[in-house]
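Have a look at the structure below, then the notes.
Every read-out reported here was derived from the displayed coordinates using simple, explicitly stated rules and does not represent laboratory data. Note that the coordinates shown come from a computational prediction; the quantities given were computed from them, not determined experimentally. Note: ideal-geometry Cβ built from the backbone for every residue, glycine included; neighbour counts use all protein chains shown.
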Amino acid sequence: MTATRDKFGRPIVVVTGMGVVTSLGAGKTDNWKKLTAGESGIRTITRFPTDGLKTTMAGTVDFVPVEPFSSTDLSERLADIATEEAIAQSAIGSKGDFPGPLFLAVAPVEVEWPQRLELGRAIGDTVDYDGMLRVSGGGRFTQYHRRFLFGSVADHLAETFGTKGSPISLSTACASGASAIQLGVEAIRRGEADAALCVATDGSVNPEALVRFSLLSALSTHNDPPQAAVRPFSKNRDGFVMAEGAGALVLESYEAATARGARILGIIAGCGELADSFHRTRSSPDGKPIIGCVRNALSDAGIVADQIDYINAHGTGTPENDKMEYLGISTVFGERTSQVPVSSNKSMVGHTLSAAGAVEAVFSLLTLEHQRIPPTINYDIPDPAIPFDAVPNTARDARVTAVMSNSFGFGGQNAVLILTREPV
Amino acid sequence: MSTKPALKSEPAEVWITGIGLATSLGEGLEANWDALNARRVNVDEKTFAPYVVHPWTQVNLDAQIPKKGDQRQMEAWQRIGTYAAGLALDSAGVKGNKEILGRMDMIVAAGGGERDLAVDCNILNMEAKGNCAPGFLNERLMNDLRPTLFLAQLSNLLAGNIAIVHGVTGSSRTFMGEEAAGVDAARIALARIAAGQSDIALIGGSQNGERKDLLVLYEFDDFNLRDKFAPVWARQKNAGFALGSAGAFLVIESKAHAQARGAKPYARLTNVVADLARRKHPGEVTATLEKLWSKLGKLDDKGAIITGATGAERATSEERAFLGEHPDFAVRASGTMFGHTMETQFPLGLCLAALSISRGALFPPNDPTGLEVEMSKPPTQIVVIGAGHWRGEGMALVEAIS
């Protein structure tokens with residue numbers, strides 16, 4: 001009988017269902033086909049006027065209609081689509097009755113401009129917040145209380161899919177998706193649950209969100225053509241591109257999955273995290289937090305860097321991130337650095353922010369399944385300071401047994417996942 | 001995070017070794033304890049009239065956030081939380097201890113930050129005057145928003161600021177989702193330490209209740225307390241919550257870790273449980289609380305309860321029905337004394353429970369309805385309850401270490 005516990009005596013955590021939606025499309029099949037064909041989902045924004053903006057493109061998900069638009073409504077729809085796919089594949093539980101807790105990575109929720117403008121119009125007089133308060137109550141806008149609570153998306157998912165217990169909504173900025181998976185892994189390892197639903201979603205492309213990142217000089221302004229905007233590891237990279245999407249994973253203990261005869265898609269072998277206290281938006285120049293985070297993940301998985309044969313990079317395409325990610329990886333991987341393929345899914349789907357860690361975990365598992373590495377596109381002018389094997393522009397067949405997937409975010413957030421085909 | 005792969009077979013005992021309170025009643029344990037015992041409530045019925053809020057007691061921020069540059073990078077909610085987190089680290093005796101802080105885990109329960117009200121109102125007024133050209137909103141936001149305001153609004157940047165100012169870097173997780181976020185922050189941190197996945201953690205949250213943008217969100221369903229302050233149990237004819245302002249943080253760690261460094265505990269955090277009632281039918285909150293109560297562990301008779309009951313309906317009436325089933329427990333509603341601090345209310349309750357146990361007394365009742373009764377003996381067990389105004393139910397058991 002195969003062991004159901006890892007070398008540390010913890011229950012092995014496996015993936016039995018996955019769902020994904022990005023600007024490339026809905027579902028694993030469509031996404032994988034386009035991702036390995038090197039297609040970009042970045043396009044000129046049509047959702048709202050872009051006059052006066054420095055960045056006019058994004059990886060929007062325009063094929064999921066949300067009217068009237070709110071980022072929270074779109075996030076919820078995207079989470080629904082990815083979760084339905086994941087649960088259907090896993091065939092766990094029964095409809096509306098998922099036998100475990102929910103961990104949801106979701107962007108911070110807030111009242112948005114369409115709703116704020118609606119309040120302003122309801123006042124019909126000089127608008128101030130006292131006026132808004134006067135018209136807010138009395139039942140006219142009750143639905144906005146429900147919608148704009150931070151817990152609203154998790155509440156909806158918990159009811160729709162019948163997860164158990166108190167659902168957790170979390171934000172670790174651009175590492176959120178990885179953190180959601182980590183929370184699920186930890187719950188199963190503690191023996192609290194045999195299964196966990198880990199979902200990450202983001203539908204943030206709205207004017208204020210775009211302006212916020214733009215004011216922090218984080219976004220690419222290579223607007224034309226939009227498909228060429230995200231240039232991870234390239235010398236002429238100039239920022240990330242906001243994007244939307246969702247990823248969902250059904251995690252189970254190896255024991256529970258095999259007992260019900262589920263097909264095992266991969267193993268979450270290790271998770272690492274470490275916070276950076278250097279700056280609100282920049283990494284410590286010595287790279288120590290990233291290095292420590294990578295080492296924590298390897299050590300949690302009980303493997304060494306030599307065993308990693310593909311790195312799914314955070315790879316945002318900002319000058320800062322890519323430089324720091326190289327420093328972190330090259331410090332841990334040493335002379336082997338240039339021999340390990342490192343590619344950025346974000347070159348094609350953009351930066352799905354809160355969803356990225358889970359979207360990229362799904363892509364990492366598909367890489368393991370298909371033994372094919374998606375490329376880094378728009379890689380025409382390599383940055384000599386970042387001599388990665390970036391899998392330039394064309395997907396590559398390769399023997400891949402263990403993947404490291406990186407996520408780093410504002411606020412000093414670092415999270416790294418180790419995913420494998422077989423228990424290690 | 002210190003990687004501790006091997007799970008222990010027996011759950012580790014977890015102690016509360018640090019408490020940080022910066023609230024509407026004052027800064028630090030003495031000021032809060034004195035105010036509680038004097039039944040002093042700090043409430044403002046005028047500034048946000050007709051809404052009632054509990055304003056934060058201003059402090060010398062430099063004492064916990066020494067760099068003015070750091071203070072400027074935060075909005076009030078982050079300053080309050082970062083300040084209180086520093087107090088908790090001081091209280092635990094780990095402030096500045098780089099070895100411990102570098103592997104200390106952190107779970108913060110957070111909402112979002114203050115909006116720039118002037119920018120919002122200017123845009124809304126211009127729009128009302130017919131400025132609706134394409135790109136009008138973009139142009140105003142690009143020109144009027146402070147570039148770093150976003151960082152003061154981002155939920156995970158309270159934790160980020162605590163890492164920057166105090167050096168807590170073992171891990172940084174932010175839970176959102178109103179009241180339940182505070183319950184789950186404690187629940188997950190406790191579970192991780194009990195299972196040997198972590199040794200020591202900082203948990204807590206903060207809220208600035210003096211915020212019109214926050215009042216708007218809750219006014220959408222008429223949750224705000226209007227006109228006149230009343231203790232939580234005396235709001236049946238004028239239901240609602242008064243937003244509170246507080247930072248409440250705790251340091252919790254395994255008994256072995258605390259003993260190894262010679263730390264004195266305030267109390268034991270024995271258990272935290274949570275659930276999500278659908279609340280589609282009357283009685284579901286009452287039933288869920290009863291279910292959670294049965295999962296807490298062995299409860300002695302004549303104990304104490306500190307609840308974060310909001311004063312808003314139906315949840316408060318349902319909780320009152322639950323409390324009615326346990327009449328020999330002395331109840332205190334933190335919402336009466338501190339207002340409703342949302343994500344922070346449950347960590348605040350844990351702080352008050354640990355403080356009461358360490359002082360050998362439950363603070364006095366403040367309730368004209370008689371639901372809260374005197375407790376003469378030192379509390380050895382305090383149950384902390386958090387039933388959200390809309391969703392989420394949680395409970396913790398805090399015990400004296402004999």
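At-a-glance table
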item: Under-5 Å amide H pairs with B:A387, H placed in peptide plane, nonlocal only; result: B:G308, B:A309, B:G394
item: Proximal aspartates and glutamates to A:K235, defined as alpha-carbon separation beneath 14 angstrom and excluding residues fewer than eight positions away on the same chain; result: A:E320, A:D322, A:D380, A:D383
item: Average other protein chain Cβ within 10 Å of Cβ, residues A:135-141; result: 5
item: Across A:K33/A:K346; A:K7/A:K28; B:K67/B:K98; B:K67/B:K95, pairs whose alpha-carbon gap is larger than 22 Å; result: A:K7/A:K28
item: Per residue convex hull volume, Cα atoms of the range A:60-192, in Å³; result: 144 Å³
item: Rounded if a/c under 1.5, otherwise prolate or oblate - the range B:101-227, Cα gyration tensor axes; result: prolate
item: Amide H contacts under 5 Å for B:M106, placed H, 5+ residues apart; result: B:S171, B:S172, B:R173, B:L202
item: Sorted peptide list for B:354-365, B:165-176, criterion being average Cβ within 10 angstrom, highest first; result: B:165-176, B:354-365
item: Integer Hz, Karplus 6.51/-1.76/1.60 couplings in order for the range B:183-192, x for Gly and Pro; result: 5, 5, 4, 5, 4, 6, 4, 5, 4, 5
item: Within the range A:131-152: backbone nitrogen closer than 20 Å to the B:K129 label point (7 Å, Cα to C-beta); result: A:131-132
item: Average projection area in nm² (convex hull over Cα atoms of the range A:2-111, one quarter of hull surface); result: 11.1 nm²
item: Cleavage-rule hits (trypsin sites (Lys or Arg not before Pro)) in the range A:58-133: DSSP loop, at most 13 neighbouring Cβ within 10 angstrom; result: A:K95
item: Paramagnetic reach from B:K298 in the range B:241-276 [backbone N under 19 Å; point 7 Å along Cα→Cβ]; result: B:268-272
item: Helix runs (DSSP H) in chain A reaching 27 Å along axis by Cα, Kyte-Doolittle at least -0.5; result: A:71-90
item: Long pairs among B:K255/B:K298; B:K68/B:K264; A:K164/B:K291; B:K46/B:K280, criterion Cα-Cα beyond 25 Å; result: B:K68/B:K264; B:K46/B:K280
item: Whole-angstrom Cα spans of the protein assembly as shown along principal axes, big to small; result: 74, 71, 52
item: Net charge of Cβ neighbours under 13 Å - reference B:D300; Lys, Arg +1; Asp, Glu -1; result: 0
item: Partners for A:K95 among aspartates and glutamates (Cα-Cα distance below 20 Å; same-chain residues under 8 apart left out); result: A:E76, A:D80, A:E84, A:E85, A:D155, A:E159, A:D194, A:E252
item: Number of partner chain Cβ atoms within 10 Å, mean per residue of A:202-211; result: 3
item: Chain B - share of DSSP beta bridges that are antiparallel (%, nearest 5); result: 65 percent
item: Kirkwood Rh and Cα Rg combined as Rg over Rh, evaluated for the range B:267-399; result: 0.92
item: Whole-Hz couplings from phi, Karplus 6.51/-1.76/1.60, listed for the range B:263-272; x for Gly and Pro; result: 7, 8, x, 7, 5, 9, 9, 7, 7, 9
item: Shape call, chain B: gyration tensor on alpha carbons, a/c limit 1.5; result: oblate
item: Label-point separation, A:R282 to B:K68 (7 Å along Cα→Cβ), nm; result: 2.2 nm
item: Positive-pole candidate from B:I162, B:A195, B:G360, dipole of chain B, charges at beta carbon; result: B:A195
item: J(HN,Hα) series, the range B:378-383, from Karplus relation 6.51 cos²θ - 1.76 cosθ + 1.60, nearest Hz, glycine and proline x; result: x, x, 10, 9, 10, 8
item: Shielding by other protein chains, B:269-282, mean Cβ within 10 Å; result: 2
item: DSSP-loop GluC sites (Glu not before Pro) across the range B:247-330, with at most 12 other Cβ within 10 angstrom; result: B:E325
item: Reachable lysines from B:K237, criterion Cα separation under 20 angstrom, eight or more residues apart if same chain; result: B:K228
item: Bridge type composition, the protein assembly as shown - antiparallel percent by DSSP, nearest 5; result: 70 percent
